[in-house]
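These notes concern the structure reproduced below.
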Amino acid sequence: MENVADYKEIVDVIKASGGDAFKRCFQCGLCDVVCPWNRVRDFSMRKIVRQATFGMTDIESEDIWLCTTCGRCPQQCPRDVQQIESGIALRRIATEYGVFPKPVTPVRTIRGSLVGEGNTLSEERAKRGDWAKGHSVKTFTEEMDILYFPGCYPSYDPRLKKVAVATANILNAAGVDFGILGPEENCCGESIRKTGDEEVFTRLAKENIKTFIDHGVKRILVSSPHCYHTFKNEYPEFRVNFEIIHMSQYLSSLIEQGKLTLKNPYEKKVTYHDPCYLGRHNGIYDEPREILNRVPGLTLTEMPDCRVDSLCCGGGGGRVWMETQKGERFSDLRIEQAMGVGAEVLVTACPYCITMFEDSRITMEDQEETGSVPEIKDITEIIAEVI
(Lines give C-alpha, C1' and ligand atoms only; values in the text may rest on other atoms or scores of the structure.)
Protein backbone atom coordinates (compact mmCIF):
# COMPACT_ATOMS: atom_id res chain seq x y z
CA MET A 1 0.00 0.00 0.00
CA GLU A 2 1.36 3.40 -0.95
CA ASN A 3 2.13 5.98 1.70
CA VAL A 4 -0.49 8.68 2.10
CA ALA A 5 2.20 11.34 2.57
CA ASP A 6 5.49 11.68 0.73
CA TYR A 7 8.81 11.12 2.50
CA LYS A 8 9.91 14.73 2.83
CA GLU A 9 6.53 15.77 4.18
CA ILE A 10 6.66 13.07 6.84
CA VAL A 11 10.09 14.23 8.01
CA ASP A 12 9.01 17.88 8.09
CA VAL A 13 5.78 17.15 9.94
CA ILE A 14 7.49 14.90 12.47
CA LYS A 15 9.92 17.70 13.26
CA ALA A 16 7.10 20.24 13.53
CA SER A 17 5.13 17.88 15.78
CA GLY A 18 7.88 17.49 18.34
CA GLY A 19 9.51 14.33 17.00
CA ASP A 20 12.79 15.83 15.82
CA ALA A 21 14.81 13.93 18.44
CA PHE A 22 14.55 10.73 16.38
CA LYS A 23 17.58 11.91 14.37
CA ARG A 24 19.78 11.27 17.45
CA CYS A 25 19.16 7.52 17.32
CA PHE A 26 22.26 5.40 16.63
CA GLN A 27 20.31 2.12 16.51
CA CYS A 28 21.63 0.51 19.70
CA GLY A 29 18.41 -1.52 20.04
CA LEU A 30 17.87 -1.01 23.80
CA CYS A 31 14.32 0.20 23.09
CA ASP A 32 13.44 -3.14 21.51
CA VAL A 33 15.03 -5.08 24.37
CA VAL A 34 12.75 -3.50 27.02
CA CYS A 35 9.57 -3.00 24.94
CA PRO A 36 6.75 -5.17 26.37
CA TRP A 37 5.45 -5.89 22.87
CA ASN A 38 8.46 -8.10 22.29
CA ARG A 39 7.15 -10.45 24.97
CA VAL A 40 4.13 -11.26 22.81
CA ARG A 41 5.04 -10.50 19.17
CA ASP A 42 7.76 -9.23 16.86
CA PHE A 43 7.87 -5.42 17.11
CA SER A 44 10.65 -2.89 16.62
CA MET A 45 10.52 0.69 17.87
CA ARG A 46 14.07 1.01 16.57
CA LYS A 47 12.82 0.24 13.06
CA ILE A 48 10.09 2.89 13.29
CA VAL A 49 12.58 5.50 14.48
CA ARG A 50 15.07 4.52 11.75
CA GLN A 51 12.45 4.77 9.02
CA ALA A 52 11.22 8.10 10.35
CA THR A 53 14.77 9.46 10.15
CA PHE A 54 14.62 9.05 6.37
CA GLY A 55 10.94 9.84 5.92
CA MET A 56 10.17 6.23 5.04
CA THR A 57 7.46 5.58 7.62
CA ASP A 58 4.22 4.14 6.28
CA ILE A 59 1.56 5.98 8.27
CA GLU A 60 -0.93 3.30 7.31
CA SER A 61 1.10 0.70 9.21
CA GLU A 62 -0.43 -0.88 12.31
CA ASP A 63 2.94 -0.57 14.04
CA ILE A 64 2.66 3.16 14.70
CA TRP A 65 -0.45 2.48 16.80
CA LEU A 66 1.04 -0.23 19.01
CA CYS A 67 3.07 1.89 21.44
CA THR A 68 1.37 2.16 24.84
CA THR A 69 3.62 5.10 25.82
CA CYS A 70 4.66 3.04 28.85
CA GLY A 71 7.97 4.87 29.18
CA ARG A 72 10.29 1.85 29.22
CA CYS A 73 12.33 2.75 26.14
CA PRO A 74 12.96 6.46 26.96
CA GLN A 75 14.10 5.25 30.38
CA GLN A 76 16.85 3.13 28.76
CA CYS A 77 17.73 5.27 25.72
CA PRO A 78 21.32 6.60 25.90
CA ARG A 79 20.63 9.28 23.27
CA ASP A 80 17.32 10.77 24.49
CA VAL A 81 15.60 9.91 21.23
CA GLN A 82 12.19 10.60 22.84
CA GLN A 83 10.47 7.64 21.22
CA ILE A 84 7.08 8.54 22.67
CA GLU A 85 7.08 12.04 21.20
CA SER A 86 8.28 10.73 17.84
CA GLY A 87 5.56 8.08 17.82
CA ILE A 88 2.85 10.59 18.68
CA ALA A 89 4.14 12.83 15.89
CA LEU A 90 3.55 9.99 13.42
CA ARG A 91 0.05 9.50 14.78
CA ARG A 92 -0.66 13.20 14.32
CA ILE A 93 0.24 12.88 10.65
CA ALA A 94 -2.00 9.83 10.32
CA THR A 95 -4.88 11.59 12.08
CA GLU A 96 -4.56 14.61 9.80
CA TYR A 97 -4.91 12.30 6.80
CA GLY A 98 -7.80 10.40 8.33
CA VAL A 99 -5.75 7.22 8.80
CA PHE A 100 -6.66 5.30 11.95
CA PRO A 101 -5.90 1.87 13.42
CA LYS A 102 -8.17 -0.94 12.28
CA PRO A 103 -10.94 -1.22 13.19
CA VAL A 104 -11.21 2.58 12.93
CA THR A 105 -14.68 2.85 14.46
CA PRO A 106 -13.65 3.03 18.17
CA VAL A 107 -11.24 5.95 17.73
CA ARG A 108 -13.64 7.94 15.55
CA THR A 109 -16.54 7.22 17.89
CA ILE A 110 -14.49 8.28 20.91
CA ARG A 111 -13.46 11.50 19.20
CA GLY A 112 -17.13 12.29 18.57
CA SER A 113 -18.04 11.46 22.16
CA LEU A 114 -15.28 13.71 23.50
CA VAL A 115 -16.38 16.63 21.36
CA GLY A 116 -20.08 16.13 22.01
CA GLU A 117 -20.28 14.83 25.58
CA GLY A 118 -16.82 15.42 27.08
CA ASN A 119 -16.13 11.74 27.83
CA THR A 120 -14.70 8.66 26.10
CA LEU A 121 -17.57 6.25 26.77
CA SER A 122 -20.34 7.81 24.63
CA GLU A 123 -22.32 8.61 27.78
CA GLU A 124 -24.48 11.66 28.45
CA ARG A 125 -22.65 14.62 29.94
CA ALA A 126 -25.60 15.26 32.27
CA LYS A 127 -24.99 11.87 33.96
CA ARG A 128 -21.29 12.41 34.74
CA GLY A 129 -21.96 13.02 38.42
CA ASP A 130 -24.66 10.37 38.90
CA TRP A 131 -22.19 7.97 40.56
CA ALA A 132 -22.14 10.29 43.59
CA LYS A 133 -25.86 10.21 44.35
CA GLY A 134 -26.52 8.94 47.87
CA HIS A 135 -22.88 9.21 48.96
CA SER A 136 -22.84 12.67 50.59
CA VAL A 137 -20.94 14.29 47.74
CA LYS A 138 -21.48 18.00 47.17
CA THR A 139 -21.00 20.24 44.17
CA PHE A 140 -17.66 22.01 44.39
CA THR A 141 -17.59 25.62 45.56
CA GLU A 142 -14.65 27.99 45.85
CA GLU A 143 -14.62 27.72 49.66
CA MET A 144 -13.91 23.97 49.54
CA ASP A 145 -10.44 22.60 50.16
CA ILE A 146 -10.21 20.27 47.20
CA LEU A 147 -11.87 19.35 43.91
CA TYR A 148 -12.23 15.62 43.36
CA PHE A 149 -11.90 14.84 39.63
CA PRO A 150 -12.72 11.13 39.18
CA GLY A 151 -12.17 10.99 35.40
CA CYS A 152 -14.24 9.34 32.68
CA TYR A 153 -14.12 5.66 33.67
CA PRO A 154 -14.88 6.13 37.40
CA SER A 155 -17.72 8.47 36.42
CA TYR A 156 -19.47 6.08 34.03
CA ASP A 157 -18.09 2.54 33.94
CA PRO A 158 -20.03 0.24 36.34
CA ARG A 159 -16.86 -1.43 37.64
CA LEU A 160 -14.90 1.80 38.06
CA LYS A 161 -17.76 3.68 39.73
CA LYS A 162 -16.88 1.59 42.78
CA VAL A 163 -13.52 3.36 42.89
CA ALA A 164 -15.16 6.81 42.83
CA VAL A 165 -17.57 5.76 45.59
CA ALA A 166 -14.75 4.29 47.70
CA THR A 167 -12.80 7.53 47.27
CA ALA A 168 -15.78 9.64 48.34
CA ASN A 169 -16.39 7.42 51.38
CA ILE A 170 -12.74 7.75 52.42
CA LEU A 171 -12.77 11.53 52.03
CA ASN A 172 -15.96 11.80 54.07
CA ALA A 173 -14.56 9.54 56.78
CA ALA A 174 -11.46 11.73 57.00
CA GLY A 175 -13.52 14.92 57.21
CA VAL A 176 -12.17 16.36 53.96
CA ASP A 177 -14.06 19.35 52.57
CA PHE A 178 -14.36 18.37 48.92
CA GLY A 179 -16.73 18.54 45.97
CA ILE A 180 -17.13 17.54 42.34
CA LEU A 181 -18.09 19.46 39.21
CA GLY A 182 -20.08 16.62 37.64
CA PRO A 183 -21.45 17.61 34.20
CA GLU A 184 -19.11 20.59 34.04
CA GLU A 185 -16.06 18.29 33.87
CA ASN A 186 -14.50 17.15 30.61
CA CYS A 187 -12.13 14.28 29.93
CA CYS A 188 -8.58 15.43 30.71
CA GLY A 189 -7.66 14.64 27.09
CA GLU A 190 -4.50 12.63 27.81
CA SER A 191 -5.27 9.56 25.74
CA ILE A 192 -6.77 11.31 22.72
CA ARG A 193 -3.60 13.40 22.58
CA LYS A 194 -1.52 10.22 22.60
CA THR A 195 -3.47 8.98 19.56
CA GLY A 196 -2.40 12.12 17.70
CA ASP A 197 -5.47 14.33 17.96
CA GLU A 198 -3.98 17.57 19.21
CA GLU A 199 -7.03 19.59 18.22
CA VAL A 200 -9.43 17.70 20.49
CA PHE A 201 -6.92 17.66 23.34
CA THR A 202 -6.50 21.44 23.14
CA ARG A 203 -10.25 21.92 23.12
CA LEU A 204 -10.77 19.72 26.18
CA ALA A 205 -7.86 21.28 28.07
CA LYS A 206 -9.04 24.84 27.47
CA GLU A 207 -12.59 24.01 28.53
CA ASN A 208 -11.38 22.31 31.72
CA ILE A 209 -9.00 25.15 32.54
CA LYS A 210 -11.76 27.73 32.12
CA THR A 211 -14.07 25.68 34.34
CA PHE A 212 -11.42 25.32 37.04
CA ILE A 213 -10.63 29.03 37.03
CA ASP A 214 -14.29 30.06 36.99
CA HIS A 215 -14.95 27.91 40.07
CA GLY A 216 -11.85 29.03 41.95
CA VAL A 217 -10.21 25.59 41.91
CA LYS A 218 -6.71 25.45 43.39
CA ARG A 219 -6.20 21.81 44.42
CA ILE A 220 -7.33 18.87 42.28
CA LEU A 221 -7.49 15.28 43.55
CA VAL A 222 -7.54 12.60 40.84
CA SER A 223 -8.09 8.83 40.67
CA SER A 224 -6.35 8.37 37.33
CA PRO A 225 -2.58 8.62 36.80
CA HIS A 226 -3.39 9.75 33.27
CA CYS A 227 -5.35 12.74 34.60
CA TYR A 228 -2.55 13.34 37.10
CA HIS A 229 0.12 13.38 34.40
CA THR A 230 -1.84 15.63 32.06
CA PHE A 231 -2.98 18.18 34.64
CA LYS A 232 0.47 18.32 36.23
CA ASN A 233 2.78 18.13 33.23
CA GLU A 234 0.80 19.16 30.15
CA TYR A 235 -1.77 21.76 31.23
CA PRO A 236 1.05 24.15 32.24
CA GLU A 237 1.62 24.50 28.47
CA PHE A 238 -1.45 26.76 28.68
CA ARG A 239 0.25 28.91 31.36
CA VAL A 240 -1.75 27.60 34.32
CA ASN A 241 -0.67 25.70 37.40
CA PHE A 242 -2.97 23.87 39.78
CA GLU A 243 -1.87 21.69 42.69
CA ILE A 244 -2.45 18.14 41.47
CA ILE A 245 -2.63 15.20 43.89
CA HIS A 246 -3.12 11.54 43.09
CA MET A 247 -5.36 9.64 45.50
CA SER A 248 -2.54 7.32 46.55
CA GLN A 249 -0.51 10.34 47.67
CA TYR A 250 -3.49 11.85 49.49
CA LEU A 251 -4.36 8.56 51.18
CA SER A 252 -0.83 8.24 52.50
CA SER A 253 -1.02 11.78 53.87
CA LEU A 254 -4.42 11.22 55.54
CA ILE A 255 -3.17 8.07 57.25
CA GLU A 256 0.07 9.74 58.34
CA GLN A 257 -1.89 12.65 59.85
CA GLY A 258 -4.11 10.26 61.80
CA LYS A 259 -7.27 11.28 59.95
CA LEU A 260 -7.92 7.67 58.94
CA THR A 261 -7.70 4.64 61.19
CA LEU A 262 -7.16 1.29 59.51
CA LYS A 263 -8.88 -0.89 62.07
CA ASN A 264 -10.39 -3.86 60.22
CA PRO A 265 -8.06 -6.72 59.23
CA TYR A 266 -7.56 -7.66 55.59
CA GLU A 267 -6.19 -11.17 55.83
CA LYS A 268 -5.05 -11.64 52.24
CA LYS A 269 -1.84 -11.92 50.26
CA VAL A 270 -1.63 -8.87 47.99
CA THR A 271 0.65 -7.73 45.20
CA TYR A 272 0.81 -4.17 43.86
CA HIS A 273 1.02 -3.17 40.19
CA ASP A 274 2.76 0.14 39.42
CA PRO A 275 0.79 2.02 36.73
CA CYS A 276 3.12 3.45 34.07
CA TYR A 277 1.81 6.99 34.42
CA LEU A 278 2.04 6.94 38.20
CA GLY A 279 5.40 5.20 38.46
CA ARG A 280 7.76 5.64 35.52
CA HIS A 281 6.27 8.90 34.27
CA ASN A 282 5.84 10.57 37.67
CA GLY A 283 8.00 8.71 40.16
CA ILE A 284 5.26 7.67 42.62
CA TYR A 285 6.25 4.24 43.92
CA ASP A 286 6.47 4.38 47.71
CA GLU A 287 3.14 5.85 48.83
CA PRO A 288 0.92 2.96 47.62
CA ARG A 289 3.21 0.41 49.26
CA GLU A 290 3.36 2.39 52.50
CA ILE A 291 -0.45 2.42 52.59
CA LEU A 292 -0.77 -1.32 51.99
CA ASN A 293 1.89 -2.13 54.57
CA ARG A 294 -0.19 -0.30 57.19
CA VAL A 295 -3.28 -2.45 56.60
CA PRO A 296 -3.74 -4.97 59.46
CA GLY A 297 -3.32 -8.58 58.34
CA LEU A 298 -2.36 -7.72 54.76
CA THR A 299 0.71 -9.47 53.35
CA LEU A 300 2.38 -7.50 50.53
CA THR A 301 4.53 -9.34 48.00
CA GLU A 302 6.25 -8.07 44.86
CA MET A 303 5.95 -9.39 41.31
CA PRO A 304 9.08 -9.94 39.16
CA ASP A 305 8.54 -6.71 37.17
CA CYS A 306 7.89 -3.96 39.69
CA ARG A 307 8.58 -0.32 40.44
CA VAL A 308 10.64 1.26 37.64
CA ASP A 309 10.55 -2.03 35.70
CA SER A 310 6.80 -2.53 36.03
CA LEU A 311 5.10 -4.37 33.17
CA CYS A 312 2.60 -2.16 31.34
CA CYS A 313 -1.07 -3.25 31.49
CA GLY A 314 -1.44 -2.42 27.79
CA GLY A 315 -3.99 0.38 28.15
CA GLY A 316 -1.87 3.49 27.66
CA GLY A 317 -1.39 5.48 24.45
CA GLY A 318 -5.07 5.05 23.60
CA ARG A 319 -4.71 1.26 23.47
CA VAL A 320 -7.46 0.93 26.09
CA TRP A 321 -9.85 1.74 23.21
CA MET A 322 -8.27 -0.62 20.66
CA GLU A 323 -8.70 -4.34 20.26
CA THR A 324 -5.69 -6.46 21.28
CA GLN A 325 -5.64 -10.05 20.10
CA LYS A 326 -5.74 -12.87 22.60
CA GLY A 327 -2.18 -13.97 23.26
CA GLU A 328 -0.85 -10.43 22.88
CA ARG A 329 -2.35 -8.87 26.02
CA PHE A 330 0.16 -7.58 28.55
CA SER A 331 -2.57 -7.78 31.18
CA ASP A 332 -2.66 -11.56 30.81
CA LEU A 333 1.07 -11.70 31.51
CA ARG A 334 0.67 -9.45 34.54
CA ILE A 335 -2.05 -11.59 36.07
CA GLU A 336 0.12 -14.66 35.49
CA GLN A 337 2.92 -12.89 37.40
CA ALA A 338 0.51 -12.14 40.25
CA MET A 339 -0.54 -15.78 40.31
CA GLY A 340 3.10 -16.79 40.26
CA VAL A 341 3.76 -15.05 43.59
CA GLY A 342 0.61 -16.53 45.12
CA ALA A 343 -1.32 -13.25 45.32
CA GLU A 344 -5.00 -13.44 46.17
CA VAL A 345 -5.50 -9.80 45.20
CA LEU A 346 -3.84 -7.72 42.47
CA VAL A 347 -3.99 -4.09 43.59
CA THR A 348 -3.33 -1.01 41.51
CA ALA A 349 -4.19 2.69 41.42
CA CYS A 350 -5.32 3.33 37.85
CA PRO A 351 -8.72 2.95 36.13
CA TYR A 352 -7.11 1.85 32.85
CA CYS A 353 -5.12 -0.89 34.60
CA ILE A 354 -8.25 -2.14 36.34
CA THR A 355 -10.14 -2.19 33.03
CA MET A 356 -7.42 -4.21 31.31
CA PHE A 357 -6.93 -6.59 34.25
CA GLU A 358 -10.66 -7.23 34.69
CA ASP A 359 -10.97 -8.15 31.00
CA SER A 360 -8.08 -10.60 31.37
CA ARG A 361 -9.41 -11.97 34.66
CA ILE A 362 -12.78 -12.83 33.13
CA THR A 363 -11.14 -14.53 30.15
CA MET A 364 -8.69 -16.47 32.30
CA GLU A 365 -11.36 -17.64 34.75
CA ASP A 366 -13.22 -19.15 31.79
CA GLN A 367 -10.21 -21.30 30.95
CA GLU A 368 -10.38 -24.65 32.71
CA GLU A 369 -6.59 -25.02 32.96
CA THR A 370 -6.14 -21.65 34.67
CA GLY A 371 -5.38 -21.71 38.40
CA SER A 372 -6.78 -19.34 41.00
CA VAL A 373 -7.05 -15.90 39.37
CA PRO A 374 -6.61 -13.01 41.84
CA GLU A 375 -9.22 -10.39 42.55
CA ILE A 376 -8.58 -6.99 40.98
CA LYS A 377 -8.82 -4.02 43.36
CA ASP A 378 -8.05 -0.33 43.41
CA ILE A 379 -6.14 0.70 46.51
CA THR A 380 -9.07 2.89 47.60
CA GLU A 381 -11.40 -0.11 47.64
CA ILE A 382 -9.21 -1.89 50.18
CA ILE A 383 -8.84 1.19 52.40
CA ALA A 384 -12.57 1.91 52.28
CA GLU A 385 -13.13 -1.66 53.48
CA VAL A 386 -10.74 -1.47 56.44
CA ILE A 387 -11.44 2.00 57.87
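The values are calculated or read from the model by the stated rules, or taken from the named source; none is laboratory data. Computed from a prediction, not measured in an experiment: that's the story for all the values here. Positions of Cβ are generated from backbone atoms using ideal geometry, with glycine treated the same way; all protein chains shown enter the neighbour counts. These accessible areas exclude ligands, DNA and RNA; they are computed on the full protein's heavy atoms, side chains included. Shrake-Rupley method; radii C 1.70, N 1.55, O 1.52, S 1.80 Å.
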message: Checking the a/c ratio against 1.5 first, then a/b against b/c, what shape does the Cα gyration tensor give for segment 140-246?
response: oblate
- line: Semi-axes in Å, largest first, for segment 189-325 (Cα gyration tensor, √(5λ)) are 30, 22, 11
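Taking Cα pairs under 8 Å and at least six residues apart, what relative contact order does segment 65-197 come out at, in percent? It would help to have the intermediate numbers written out before the result.
Working: 146 pairs, mean separation 39.0, N = 133.
Over segment 65-197, the number comes to 29 percent.
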query: Using mean Cβ contacts within 10 Å as the protection proxy, how do 145-153, 249-257 order, highest first?
result: 145-153, 249-257
- line: Share of Cα-Cα pairs in the chain beyond 26 Å, whole percent, is 53 percent
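Quick check: net charge around VAL40, other residues with Cβ under 9 Å of its Cβ, Lys/Arg +1 and Asp/Glu -1? Before the final figure, lay out each step's value.
Details: positive: ARG39, ARG41, ARG329; negative: GLU328, ASP332.
Net charge around VAL40: +1.
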statement: Rounded to a whole %, the carbon-and-sulfur portion of the accessible area of the chain at a 1.4 Å probe is 46 percent
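Using 1/(1 + (r/R0)^6) with R0 = 51 angstrom and r between the beta carbons of THR261 and GLN325, what's the FRET efficiency to the nearest 0.05? Before the final figure, lay out each step's value.
On the way: r = 46 Å, r/R0 = 0.91.
In this case the efficiency is close to 0.65.
Quick one: compute the contact order of the chain, relative version, from alpha carbon pairs under 8 angstrom and 6+ residues apart, as a percent. Could you put the intermediate results ahead of the total?
Values: 666 pairs, mean separation 60.6, N = 387.
Relative contact order here is 16 percent.
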- request: For the chain, find the longest principal axis of its Cα atoms and tell me its angle to the long axis of helix 7-16, 0 to 90°, nearest 10.
  value: 40 degrees
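So what's the net charge close to THR211: Lys and Arg +1, Asp and Glu -1, counting the other residues with Cβ under 14 Å from its Cβ?
Details: positive: ARG125, ARG128, ARG203, LYS206, LYS210, LYS218; negative: GLU142, GLU184, GLU185, GLU207, ASP214.
Taking every other residue near THR211 into account, the sum is +1.
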- prompt: Of LYS23/LYS47; LYS161/LYS326; LYS161/LYS269; LYS269/LYS326; LYS210/LYS232; LYS127/LYS161, which ones are farther than 18 Å apart at the Cα?
  reply: LYS161/LYS326; LYS161/LYS269; LYS269/LYS326
statement: Inter-part gap, Cα centre of segment 121-186 to Cα centre of segment 196-272, in whole angstrom, is 12 Å
Inter-centroid distance (Cα atoms) of segment 76-119 relative to segment 306-327, Å: 15 Å
For segment 101-199, alpha-carbon Rg and Dmax in angstrom: 14.8, 48
message: Report the Cα-based extents of segment 284-338 along its three principal axes, largest first, to the nearest Å.
response: 39, 22, 19
- request: Please express the shape of segment 47-161 as an equivalent ellipsoid: the semi-axes are the square roots of 5 times the eigenvalues of the C-alpha gyration tensor, given largest first in whole angstrom.
  value: 37, 19, 12
- prompt: Share of Cα-Cα pairs in segment 278-387 beyond 19 Å, in percent?
  reply: 45 percent
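Compute the length gained on full extension between ARG79 and GLN27: take 0.36 nm times their separation in residues and subtract their Cα-Cα distance, giving the result in nm to one decimal.
Additional length available on full extension: 17.7 nm.
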